[in-house]
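Notes follow once the structure below has been shown.
The values are calculated or read from the model by the stated rules, or taken from the named source; none is laboratory data. All of these numbers come straight from a predicted model, not from anything done at the bench. Cβ placement follows ideal geometry from the backbone for every residue including glycine, while neighbour counts extend to all protein chains displayed.
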Amino acid sequence: MTISRSRQISLQDTPYYHVVSRCVRRAFLCGQDAHSGHSYEHRRQWVIDRLGQLSRQFAIGVCAYAVMSNHYHLVLKVEFETAARWSEREVAERWAALFQWPPLVRRWYQHESLIAPELEVVRGLIAEWRQRLHSISWFVRLLNESMARQANQEDGCKGHFWEGRFKSQALLTEPALLACMAYVDLNPIRADLVDRPEQSEYTSIKQRLDDETSEVSLPPLLLPFSSPDQPEGLPFTFTDYLMLVDWTGRAIRTDKRGHIPEALVPILQRLGLDKDQWLRQVTLFRRRGIRVVGDKARCLRYAEHCGQRRCHQPAF
């Protein structure tokens, strides 16, 4: 028997959840259609763009994601306390980025005089929107509906695009959260699409490792890892996470095609990251006078773009 979504989400137990949504036209979500020869790879960017928009409006943090050829994975954190702190006007503004306001709410927002029953209706709507803006169901609904409309329009057809309801798993412990994030980020490797995390396109680990952000796309807002400046971040450090993903990806699984080659050097060495150096770099953000942190070449390029001969930077 199907369990209602309200019985699968228990915020008093955990704010972390793993979400999977699979396409009913399995081979044609984002991959290559072998029959027609059409490529649907561009649809991965649709997911990223919409996920980026939603992550900025909802009180739901994105811990990890992976967009595969016939499904996507999300690891989400419901930040209901953040939603509770929003003012009524902020709730209304966030909802307006996703839906049109009713005329009554627009009049309220413009400080027009409303009678008591009208104010009650407005406050009822805002209370409902506040609940929806930290609801995983609404988050995934808006993500999937947008994707389905675009894909159906491109395919020139109607009907279901997604295979039933999305699946969710509650992550009750820190090891469960860590294992799930690693599982999600390793999806392209297990599918034998790439052999190292830094080449895994359309994943959160690739986004975290990229030095530059595309000006065209709107990447999802990823929750930060724990650091001296981010004590409320994910409950482990980024270097520890990288090493765990690298170690996990090297394990050969008989039920999966791909893995990280055993001969490949460790990820911190591949990326040129020294653990002690990385920890020193994290603490630099608290020091005054440092406007840019990075390697010498990039800092010099930054200074040039800013019309300066050089800029103060730490020695690495």
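For the stretch 1-42, filtered to residues that are of a type in the set (S, T, N, Q) and either modelled with pLDDT of 75 or more or surrounded by 12 or more Cβ atoms within 10 Å (Cβ to Cβ) (or both), the residue that is nearest to residue 223 (Cα to Cα) is 14.
Taking the stretch 105-204 as the region of interest, the helices (runs of 4 or more DSSP H) fully inside it that hold 3 or more residues being closer than 27 Å to residue 78 by Cα and at pLDDT 90 or above are 116-132, 136-155.
On the stretch given as the stretch 105-120, residues that are in contact with a helix residue (DSSP H, G or I) (Cβ under 7 Å, 6 or more places away or on another chain) and more than 26 Å from residue 56 (Cβ to Cβ) total 2.
Results for (1) free of Cβ contacts under 8 Å to residues at least 12 places away in the same chain; (2) touching a Leu at 6+ places or on another chain (Cβ under 6 Å); (3) buried (at least 20 other Cβ atoms within 10 Å of the Cβ), shown as yes or no for each residue.
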position: 70; (1), (2), (3): no, yes, no
position: 73; (1), (2), (3): no, no, yes
position: 76; (1), (2), (3): no, no, yes
position: 82; (1), (2), (3): no, no, no
position: 85; (1), (2), (3): yes, no, no
position: 96; (1), (2), (3): yes, no, no
position: 101; (1), (2), (3): yes, no, no
position: 106; (1), (2), (3): yes, no, no
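For the stretch 43-84, what are the residues that are over 18 Å from residue 145 (Cβ atoms), in a helix (DSSP H, G or I) and either of a type in the set (Gly, Ala, Ser) or at pLDDT 95 or above (or both)? The answer is 83, 84.
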